[in-house]
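Asker: I am attaching a structure below and will ask some questions about it afterwards.
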Amino acid sequence: MDLLIRLCRSSHMNEEQTEQVVPFIGTVGLFIMLTNLLSLFKIPPPAKNPAFPIAMALLTIVYIIVQSIRFVGLRGFFASLVYPKAMLLPFKLLDYVIKPLSLSLRLFGNVFGAFILMEFVYLILPVFLPGIVGIWFDLADGILQAVIFTYLTATYIGEVLESAEMSKQARQQKKPMQAASV
């Protein structure tokens with residue numbers, strides 16, 4: 001829990017925002033880690049099917065957008081899309097298409113690749129070596145993918161918060177300058 005709290009705090013979230021986000025990202029991270037660890041028991045991990053990572057990524061990006069709007073408001077969220085220049089809007093919107101694609105492809109590719117490699121190792125190599133190789137691909141890689149997914153979720157929310165705050169500060173700095181010129 002402390003790691004998740006520090007992750008959220010380092011992603012520009014205040015205490016209240018951190019308390020709201022930690023349960024979700026902790027649950028998603030734990031869920032992905034536990035499903036990836038199923039391969040230790042010779043059960044294919046769900047992330048080997050593309051539908052699972054796609055569903056997780058879509059759920060996560062919807063959560064990121066909803067929480068971002070809750071934290072900074074609709075105006076702040078829109079401001080984060082057009083900060084620092086309004087012409088960046090199409091690219092920032094495209095980013096919300098690319099993020100879930102990236103999350104799902106990363107999770108699927110790593111888990112599926114590890115699954116295929118381990119199946120190959122079990123077929124070709126003696127009994128002892130698959131156990132050693134399996135420790136990395138079944139245990140460490142599964143945990144690593146959960147950590148990466150969790151980290152990126154917190155970072156994506158932090159990006160919106162930081163951009164909205166920077167946009168707000170830029171607007172506030174313009175107001176005194178405009179008042180002085182009048």
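Asker: Just list whichever of Lys92/Lys168; Lys99/Lys175; Lys48/Lys92; Lys92/Lys174 have alpha carbons separated by over 26 Å in the model shown.
Answerer: From the list (Lys92/Lys168; Lys99/Lys175; Lys48/Lys92; Lys92/Lys174), the Cα-Cα distance tops 26 Å for Lys99/Lys175; Lys48/Lys92.
Asker: Using Cα centres only, tell me the gap between region 109-173 and region 41-81 in whole Å.
Answerer: Cα centroid to Cα centroid, the span is 15 Å.
Asker: Taking R0 as 22 Å, what FRET efficiency do you get between Phe78 and Gln173 from their Cβ-Cβ distance, rounded to the nearest 0.05?
Answerer: Here the calculated transfer efficiency is 0.70.
Asker: Which label belongs to the value computed from this structure, given these candidates for Kirkwood radius over Cα pairs in Å: [x] 18.2; [y] 19.5; [z] 18.9?
Answerer: Identified label for the calculated read-out: [x].
Asker: Something else now. In whole Hz and in residue order, list the ³J(HN,Hα) couplings for region 49-62 that follow from phi through the Karplus curve 6.51 cos²θ - 1.76 cosθ + 1.60, θ = phi - 60°; x for Gly and Pro.
Answerer: Along region 49-62, the couplings run 8, x, 5, 5, x, 5, 4, 5, 5, 5, 4, 5, 5, 5 Hz.
Asker: A further question follows. So what is the calculated 222 nm ellipticity per residue for the chain, using -39500 (n - 2.57) for each DSSP H run with n of 4 or more, over all residues, to the nearest 500 deg cm²/dmol?
Answerer: -28500 deg cm²/dmol, from helical runs alone.
Asker: Between Arg9 and Val147, what is 0.36 nm times their sequence separation minus the Cα-Cα distance? Round to one decimal in nm. Provide the component values of the computation, followed by the final result.
Answerer: Numbers: separation 138, 0.36 × 138 = 49.68 nm, distance 1.63 nm.
Working it through step by step, the gained length comes to 48.1 nm.
Computed from the coordinates by the stated procedures, all read-outs in this text should not be read as laboratory data. Just so it is clear, the structure is predicted and the values come from calculations on it, not from any experiment. Note that we place each Cβ from the backbone using ideal geometry, even for glycine, and neighbour counts take in every protein chain shown.
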